[in-house]
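Engineer: Please read through the structure below; I'll follow up with questions.
The values are calculated or read from the model by the stated rules, or taken from the named source; none is laboratory data. Everything quoted here is computed from the prediction, not taken from an experiment. Using ideal geometry, Cβ is built from the backbone for each residue, glycine included, and neighbour counts are taken over all protein chains shown.
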Amino acid sequence: MSARLIARSHDLKRLQDEGYEIEVRSGFLIVRSVPYVTSGKMVALGTVVTDLALSDDITQKPQDHQVWFAGEQPCHATGAPITALGSQPGRQTLCDGVVVDFRFSAKADYLDYYSKITQYDEILSNPARSLKPDDPAITARTFRPIEATEEDSVFLYTDSATSRAGIVPVSVKLAMKKIAIVGLGGSGAYVLDLVAKTPVREIHLFDGDRYLQHNAFRSPGAASLDDLRRNLSKVEHYTRLYGRMRRGVIPHPEFISDETIGHLANFDFVFVCVDRPAVRKLISEFLKSGDTPFIDVGMELELIEDQASLVGACRVTLSTPGKRDHFARHVSLEGPVADDLYGTNIQVADMNALNAALAVLKWKKFCGFYQDCYQEHQSVYAINAHQLTRDETGTA
């Protein structure tokens, strides 16, 4: 992805053509071998890093004037710090293999990344050149050959949102090898929508139903008439949809039953989004036997006829190898079908989306992406009371 993005972006291509040692990784532009002066009045080489504003994997105007720097405190030729940089010290890892020591803020209206990088190069390199005016090697334009790299990413285009937020090392915690989503009704589809935007390598989809007209009103995005006329299975429809953004979405057009339950073996995590208690029991017992962590989601809705309104709740239950005993206390495991309005496909996209969001938030807490003070394994949101409860705290 680095070589492709550089070739398509005029400012990055110009930096490369003029001899700068540049690389694009995880949404960051990395410029190595930039000369600067240390406090001991020695010339050293540092690395300048900036996040990238991208559209269609082509650079846009930089969003801010700041950069990161890997190296010692840059100084004037006298050894005094360069105050114009507004140095903010603080060692941090931006992405794999990129550790920085400072955040700089040289304010200017940078039109592109060429102007931004060359301006910082001038600020950093001029003191070094003044110390050794006759040394042609004191330059960031080294023309050193840089091996082209293609990032091993699940995404078809750079995840610039994560790099802009500065949370690439945190996001890596979500890079599980294989997860499964069982059931792609309303809640399961929204779970997929959220998980698809994380670096999980493989997302396996299990559902034997077809994507029909009523599904369009309680699922992410906006299905077209052509989408509906294709009469695809749910898993095929969503594989096509999210295949526009990423690799690794794998369809399984089947229901989970006694014959297919073995297909859920060897997953790192499973989202169970089914409304049949007997199927939920089959899946939960199988995952428990294999020490697989999973989240089960569910909703209960009731029509108040004299008010013509709905009441109900959505539930998220986490089950982990360290805590399983609570599951049967909170989840319906008996009976062939759900005995509530949700079982009739009532269109409640907002509740589906909320149920999914709570489930994915819990998964991210399980992974360490979010801090988890209570490690709750059971959460319920009641819509009429606007109340979110937590229960079953314990070891994840």
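Engineer: Checking the structure you have, find out if any residue of region 122-134 is buried (at least 17 other Cβ atoms within 10 Å of the Cβ) and within 30 Å of Lys173 (Cβ to Cβ).
Structural biologist: Checked region 122-134: no residue is buried (at least 17 other Cβ atoms within 10 Å of the Cβ) and within 30 Å of Lys173 (Cβ to Cβ).
A quick yes/no check of all residues on (1) more than 30 Å from Arg210 (Cα to Cα); (2) exposed (fewer than 15 other Cβ atoms within 10 Å of the Cβ); (3) modelled with pLDDT of 90 or more:
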residue	(1), (2), (3)
Leu301	no, no, no
Arg315	no, no, yes
Val337	no, yes, no
Leu354	no, no, yes
Gly368	yes, yes, yes
Gln375	yes, no, yes
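Engineer: Would you be able to tell me the number of residues in region 301-326 that are over 30 Å from the mean Cα position of the chain (by Cα) and of a type in the set (D, E, K, R)?
Structural biologist: Residues meeting the conditions: 4.
Engineer: Something else: Show the residue pairs that are 6+ apart or on different chains and have beta-carbon atoms under 8 Å apart, the first residue being within region 314-331 and β-branched (Val, Ile, Thr), the second being surrounded by 15 or more Cβ atoms within 10 Å (Cβ to Cβ) and in a loop (DSSP other than H, G, I, E, B).
Structural biologist: Thr317/His326; Thr317/Val331; Thr320/Pro293; Thr320/Ala396
Engineer: For region 218-292, which fully contained helices (runs of 4 or more DSSP H) count at least 2 residues that are hydroxyl-bearing (Ser, Thr, Tyr) and touching a strand residue (DSSP E or B) at 6+ places or on another chain (Cβ under 6 Å)? Give the steps one after another, and end with the answer.
Structural biologist: Values: elements: 225-229, 234-242, 277-289.
Of the helices (runs of 4 or more DSSP H) lying wholly inside region 218-292, those with at least 2 residues that are hydroxyl-bearing (Ser, Thr, Tyr) and touching a strand residue (DSSP E or B) at 6+ places or on another chain (Cβ under 6 Å) span 234-242.
Engineer: So, one more: Quick one: which of Asn266, Asn231 is surrounded by fewer than 17 Cβ atoms within 10 Å (Cβ to Cβ), in contact (Cβ under 8 Å) with a residue 24 or more places away in the chain and in the same structural domain as Thr320 (by TED's automatic domain parsing)? Walk me through how you get there before you give the answer.
Structural biologist: Working: Asn231 fails: in contact (Cβ under 8 Å) with a residue 24 or more places away in the chain.
Selected residue: Asn266, the only one of Asn266, Asn231 that is surrounded by fewer than 17 Cβ atoms within 10 Å (Cβ to Cβ), in contact (Cβ under 8 Å) with a residue 24 or more places away in the chain and in the same structural domain as Thr320 (by TED's automatic domain parsing).
Engineer: Still on this structure: Within region 179-223, which residues are β-branched (Val, Ile, Thr) and within 22 Å of Met299 (Cα to Cα)? If you could, list the steps in order and put the result at the bottom.
Structural biologist: Quick first cut of region 179-223, residues β-branched (Val, Ile, Thr) only: 179, 181-182, 191, 195, 198, 200, 203.
Residues satisfying the conditions are Ile181, Val182, Val191, Val195.
Engineer: Here's a follow-up. Which residue is surrounded by the most Cβ atoms within 10 Å (Cβ to Cβ), if the candidates are limited to region 23-64 and must be small (Gly, Ala, Ser) and at pLDDT 95 or above?
Structural biologist: To start, the set of residues in region 23-64 that are small (Gly, Ala, Ser) comprises 26-27, 33, 39-40, 44, 46, 53, 55.
Filter once more, so that each one left must be at pLDDT 95 or above: 33, 39-40, 44, 46.
Details: Ser33: 16, Ser39: 13, Gly40: 9, Ala44: 14, Gly46: 22.
Within region 23-64, the match that is surrounded by the most Cβ atoms within 10 Å (Cβ to Cβ) is Gly46.
Engineer: Name the residues in region 159-180 that are modelled with pLDDT under 80 and either at positive phi or of a type in the set (Lys, Arg) (or both), would you?
Structural biologist: Arg164, Gly166
Engineer: Which condition breaks for Ile250 when tested against (1) aliphatic (A, V, I, L, M); (2) touching a Ser or Thr at 6+ places or on another chain (Cβ under 8 Å); (3) closer than 23 Å to Met351 by Cβ?
Structural biologist: Among (1) aliphatic (A, V, I, L, M); (2) touching a Ser or Thr at 6+ places or on another chain (Cβ under 8 Å); (3) closer than 23 Å to Met351 by Cβ, the lone unmet condition for Ile250 is (3).
Engineer: Right, something else. For region 269-297, enumerate the residues that are in contact (Cβ under 8 Å) with a residue 40 or more places away in the chain and within 21 Å of Ala349 (Cα to Cα). Working first, answer last.
Structural biologist: At the first step, the residues of region 269-297 found to be in contact (Cβ under 8 Å) with a residue 40 or more places away in the chain are 269-278, 280-281, 283-284, 293, 295, 297.
Once the filter is applied, which keeps residues that are in contact (Cβ under 8 Å) with a residue 40 or more places away in the chain and within 21 Å of Ala349 (Cα to Cα), region 269-297 yields Phe271, Val272, Cys273, Val274, Asp275, Arg276, Ile295, Val297.
Engineer: Kindly indicate the residue of region 99-121 that is surrounded by fewer than 17 Cβ atoms within 10 Å (Cβ to Cβ) and touching a strand residue (DSSP E or B) at 6+ places or on another chain (Cβ under 7 Å) and also nearest to Val49 (Cα to Cα) among those meeting that condition.
Structural biologist: My answer is Val99.
Engineer: Something else about it: Scan region 97-104 and give yes if some residue there is farther than 17 Å from Lys132 by Cβ and touching a residue at least 60 places away in the same chain (Cβ under 8 Å), otherwise no. Outline the logic, then answer.
Structural biologist: Pass one, region 97-104, residues farther than 17 Å from Lys132 by Cβ: 97-104.
So of that shortlist, the ones also touching a residue at least 60 places away in the same chain (Cβ under 8 Å) come out as 97-98.
For region 97-104, residues farther than 17 Å from Lys132 by Cβ and touching a residue at least 60 places away in the same chain (Cβ under 8 Å): present.
Engineer: How about region 1-60: which strands (runs of 3 or more DSSP E) wholly inside it have at least 2 residues that are free of Cβ contacts under 8 Å to residues at least 40 places away in the same chain, closer than 18 Å to Leu111 by Cα and of a type in the set (Gly, Ala, Ser)?
Structural biologist: Numbers: elements: 21-25, 28-37, 43-51.
Hits in region 1-60: none.
Engineer: Follow-up. Could you say whether any residue in region 90-98 is within 22 Å of Asn126 (Cβ to Cβ), in contact with a strand residue (DSSP E or B) (Cβ under 6 Å, 6 or more places away or on another chain) and not charged (D, E, K, R)?
Structural biologist: No, that holds for no residue.
Engineer: What residue, among those in region 105-120 that are touching a residue at least 60 places away in the same chain (Cβ under 8 Å) and in contact with a Lys or Arg (Cβ under 8 Å, 6 or more places away or on another chain), is farthest from Ile30 (Cα to Cα)?
Structural biologist: Step by step, filter region 105-120, then rank; the result is Asp112.
Engineer: Right, another one. Looking only at residues that are in contact with a helix residue (DSSP H, G or I) (Cβ under 7 Å, 6 or more places away or on another chain) and of a type outside the set (A, V, I, L, M, F, W, C) in region 243-257, which one is surrounded by the fewest Cβ atoms within 10 Å (Cβ to Cβ)?
Structural biologist: Step one: list which residues in region 243-257 are in contact with a helix residue (DSSP H, G or I) (Cβ under 7 Å, 6 or more places away or on another chain), which gives 249, 251-253, 256.
From what's left, of a type outside the set (A, V, I, L, M, F, W, C): 251-253.
On the way: Pro251: 21, His252: 20, Pro253: 16.
Across region 243-257, the extreme among qualifying residues is Pro253.
The rows are residues; the columns are (1) at pLDDT below 90; (2) in contact with a helix residue (DSSP H, G or I) (Cβ under 6 Å, 6 or more places away or on another chain); (3) under 30 Å from Arg229 (Cα atoms); (4) part of a loop (DSSP other than H, G, I, E, B).
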{"position": "Asn126", "(1), (2), (3), (4)": "no, no, no, no"}
{"position": "Glu147", "(1), (2), (3), (4)": "yes, no, no, yes"}
{"position": "Asp193", "(1), (2), (3), (4)": "no, no, yes, no"}
{"position": "Lys197", "(1), (2), (3), (4)": "no, no, yes, yes"}
{"position": "Leu205", "(1), (2), (3), (4)": "no, yes, yes, no"}
{"position": "Gly208", "(1), (2), (3), (4)": "no, no, yes, yes"}
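Engineer: Output the residues belonging to region 65-94 that are out of contact with any Pro (no Cβ under 7 Å at 6 or more places or on another chain), crowded, with 16+ Cβ neighbours inside 10 Å and of a type outside the set (Phe, Trp, Tyr). I'd like the intermediate steps shown before the answer.
Structural biologist: Quick first cut of region 65-94, residues out of contact with any Pro (no Cβ under 7 Å at 6 or more places or on another chain) only: 65-72, 74, 78-81, 83-84, 86, 88-92, 94.
Those left that are additionally crowded, with 16+ Cβ neighbours inside 10 Å: 65-72, 74, 94.
Residues satisfying the conditions are His65, Gln66, Val67, Ala70, Gly71, Glu72, Pro74, Leu94.
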